[in-house]
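**Q** Quick one: structure below, then a few questions.
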Amino acid sequence: MRVHVAIIGGGPSGLLLGQLLLRHGITSVILERQTRQHVLGRIRAGVLESGTVKLLRQANASDRLDNEALIHNSVSLALENQVLEIPLKEFTNTAVTIYGQTELTHDLYDARDATEARTIFEVSDVTLHGLNEDEPYVTFRDDNSVCRVDCDFIAGCDGFHGISRKSIPSYHRQEFEKIYPFGWLGVLSKTPPVSDTLIYARSELGFALCSMRNANLSRYYIQCPLTDKAADWSDDAFWTELRRRLPQSIADSLISGPAIEKSIAPLRSFVTEPMQYGRLFLCGDAAHIVPPTGAKGVNTAVSDVYYLYLGLSQYYRDGEETGLEKYSERALARVWKAVRFSWWFTNLMHDFPDQSSFDRKLQQAELSFLLENRAAQAVLAQNYVGLPY
Ligand code: APR
Ligand code: PHB
């Protein structure tokens, strides 16, 4: 098999890249380790920046989103018993779009199905070859036979646990990481959302988030110790703890129900540099991870895809290589700003068990400044809606 670009990973990054490349006649194959059902079973943050929505439209994967997504012009912070509404649209002239990542991935698969592009599921032993040659190739097992894809470029869209980042020699990579001393226990319930905005809550008991997928599907999170297991939390215990972390008026109006999904996610910040090596280019979680506090995971994956799509389309159209040569530099410039915001928001809104008294005072001062200073609120808004590409 020969294609222009071999894409490793059939998550949001790989699917979106494949769709955008097709607009310029650039062929790709996606090699995905899991089944399609497994990929579509993942529950992830559902806040999309305007740049993400724009690229989904260009990828012909936005019809359902345009009909079903919710548009939010503000986001709320519940700090102890105060609720601060951040008017995103007023500060930035931009809103955010609430649409589950599961739906986004579903739509991208449906869009790809409508093309001739191939996606091969349940592959194993994916191996990248000739990364510093003009003719790299990928080998993999499919139904126990060894297959090969010859290509011009390889896009490593295979997430944090994928093979692509590790295919860059360790002496050529520098990794930056921060592990947070807590996780998020998340629940999905067929209940109406408690509010028409997302509510990020900070209380003495820890962080909570009230989010949603649609008018009848809510997503809630509470900060929990890393030693907790989702099975340790009954539905009642979750709802009780969530209510304890919300202002009384919000807690009183919360409608609970059976959890149709319950899981714990650890929080980390991670970046690998550079995001390219020879003919290999990393996108999304393969190159960086952010804590979900700022909902930047998929949106930063999308901006990576945008820069790579620009570089590849320029190369195939004009033979110009600048976009590809500068890919890592351009992508990382935005990645680090998203990593910074996600780290800042996480530090602001969570209870750090071993925090020094000095750091606790700093956190309180940061919260007070945000509550009283509109310029600080505007800066939060600019980061939350998404910085320019
Ligand atoms: N070979 C083939 N596929 C692989 C391999 C491999 N060796 N390793 C991992 N994969 C697949 C995974 O099964 C997954 O479907 O690569 C895909 C990577 O998808 P994601 O992890 O979703 O990463 P990405 O597409 O960059 O999307 C980033 O989605 O995962 C969320 O929180 C993340 O919001 C962020 C966004
Ligand atoms: C979600 O809806 O799952 C969600 C929303 C916002 C976040 C994180 C998760 O910051």
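The values are calculated or read from the model by the stated rules, or taken from the named source; none is laboratory data. Just so we're clear, the structure is a prediction, and the values are computed from it rather than from any experiment. Glycine also receives a Cβ, built like all others from the backbone with ideal geometry; neighbour counts cover every protein chain displayed. The accessibility values were calculated without ligands, DNA or RNA, using every heavy atom of the protein model including side chains. Shrake-Rupley method; radii C 1.70, N 1.55, O 1.52, S 1.80 Å.
**Q** Write down the accessible area per residue of the stretch 23-144 in Å², having rolled a 1.4 Å probe over the full set of protein chains. If you can, show how the numbers build up before the last one.
**A** Values: 6020 Å² over 122 residues.
Roughly 49 Å² per residue, with all protein chains present.
**Q** Please identify, among Ile260, Ile163, Ile289, the residue showing maximal mean-square fluctuation in a Gaussian network model of the chain using a 10 angstrom Cα cutoff.
**A** Of Ile260, Ile163, Ile289, the most mobile in the Gaussian network model is Ile260.
**Q** In the chain, what percent of the accessible surface is made up of carbon and sulfur (1.4 Å probe, ligands and nucleic acids excluded)? Before the final figure, lay out each step's value.
**A** Working: 8120 of 16740 Å².
Here it works out to 48 percent.
**Q** Return the single residue from Pro353, Pro258, Pro247 with maximal mean-square fluctuation; model: Gaussian network over the chain, springs between Cα atoms under 10 Å.
**A** Comparing Pro353, Pro258, Pro247 in the GNM, the peak value goes to Pro353.
**Q** From the P(r) of the stretch 208-298, could you give the percentage of C-alpha pairs in the tail past 19 Å? Mind dumping the intermediate values first?
**A** Numbers: 2207 of 4095 pairs.
Of the Cα pairs, 54 percent sit more than 19 Å apart.
**Q** Something else about it: Mind computing the radius of gyration and Dmax over the alpha-carbon atoms of the chain? Å is fine for both.
**A** Gyration radius and largest Cα-Cα distance of the chain: 21.3, 64 Å.
**Q** With n ≥ 4 as the cut-off for DSSP H runs, can you work out [θ] at 222 nm for the chain, using -39500 (n - 2.57) per run divided by the number of residues, rounded to the nearest 500? Display every interim value, and only then the final one.
**A** On the way: 13 runs with 142 residues, N = 389.
So the calculated ellipticity at 222 nm is -11000 deg cm²/dmol.
**Q** Output the Cα-based Rg and Dmax of the stretch 123-259 in Å, rounding Rg to one decimal and Dmax to a whole number.
**A** Answer for the stretch 123-259, Rg first and Dmax second: 22.5, 63 Å.
**Q** Work through the residues other than Asp152 whose Cβ is under 13 Å from its Cβ and net out their charges, Lys, Arg +1 and Asp, Glu -1. Intermediate values should be presented prior to the final figure.
**A** Values: positive: Arg2, Arg279; negative: Glu133, Asp134, Glu135, Asp150, Glu321.
So the environment of Asp152 carries a net charge of -3.
**Q** Given the stretch 283-376, what whole percent of its Cα pairs are spread farther than 21 Å?
**A** Within the stretch 283-376, distances greater than 21 Å cover 50 percent of Cα pairs.
**Q** Can you check what the net charge comes to around Ala338, using other residues whose Cβ is under 12 Å from the Cβ of Ala338 (Lys, Arg +1; Asp, Glu -1)? Walk me through the numbers before you get to the answer.
**A** Numbers: positive: Lys296, Arg334, Lys337, Arg340; negative: Glu49, Asp304.
That sum, taken over residues with Cβ under 12 Å, equals +2.
**Q** Please give the direction-averaged projected area of the C-alpha convex hull for the stretch 3-47, in square nanometres with one decimal.
**A** If you wrap the Cα atoms of the stretch 3-47 in a convex hull and average its projections, you get 3.6 nm².
**Q** Please tell me the relative contact order of the chain in percent, rounded to the nearest whole number, where contacts are Cα pairs under 8 Å and at least six residues apart. Before the final figure, lay out each step's value.
**A** Numbers: 792 pairs, mean separation 77.9, N = 389.
RCO, the chain: 20 percent.
**Q** At a Förster distance of 25 Å, what's the computed FRET efficiency of Glu133 paired with Asp318, Cβ-Cβ distance as r, to 0.05? Walk me through the numbers before you get to the answer.
**A** On the way: r = 23 Å, r/R0 = 0.90.
Here the calculated transfer efficiency is 0.65.
**Q** Follow-up question, since we're still on this one. At most 16 other Cβ atoms within 10 Å and a DSSP loop assignment: could you name the trypsin sites (Lys or Arg not before Pro) in the stretch 283-389 that fit? Each step should come with its number before you reach the end.
**A** Working: sites: Lys296, Arg317, Lys326, Arg330, Arg334, Lys337, Arg340, Arg360, Lys361, Arg374; in loops: Lys296, Lys326.
Here the sparse-neighbourhood loop sites are Lys326.
**Q** Relative to the first principal axis of the alpha-carbon coordinates of the chain, what is the inclination of helix 374-385, with its axis defined by its Cα atoms, in degrees from 0 to 90 and to the nearest 10?
**A** 40 degrees
**Q** Can you give me the C-alpha center-to-center distance between the stretch 107-181 and the stretch 211-252, rounded to a whole angstrom?
**A** The stretch 107-181 and the stretch 211-252 have Cα centres separated by 36 Å.
**Q** Any idea of the accessible area per residue across the stretch 292-374, 1.4 Å probe, to the nearest Å²?
**A** Ligands and nucleic acids excluded, the result is 46 Å² per residue.
**Q** Compute the angle between helix 235-244 and the longest alpha-carbon principal axis of the chain, please, reported from 0 to 90 degrees and rounded to the nearest 10.
**A** Tilt of helix 235-244: around 60 degrees.
**Q** Which pairs in the list Lys178/Lys296; Lys54/Lys326; Lys262/Lys361; Lys54/Lys166; Lys89/Lys296; Lys178/Lys229 are over 25 Å apart, alpha-carbon to alpha-carbon? Let's see the in-between values first.
**A** Values: Lys178/Lys296 16 Å; Lys54/Lys326 23 Å; Lys262/Lys361 34 Å; Lys54/Lys166 32 Å; Lys89/Lys296 18 Å; Lys178/Lys229 22 Å.
As for pairs spanning more than 25 Å Cα to Cα, those are Lys262/Lys361; Lys54/Lys166.
**Q** Compute the relative contact order of the stretch 46-125 as a whole-number percentage, counting only Cα pairs closer than 8 Å that sit 6 or more residues apart in sequence. Don't skip to the end; give the middle numbers.
**A** Details: 80 pairs, mean separation 29.4, N = 80.
Normalised by residue count, the contact order of the stretch 46-125 is 37 percent.
**Q** Follow-up. Just to confirm the number: angle between the C-alpha axis of helix 101-113 and the first principal axis of the chain, 0 to 90 degrees, nearest 10?
**A** 20 degrees
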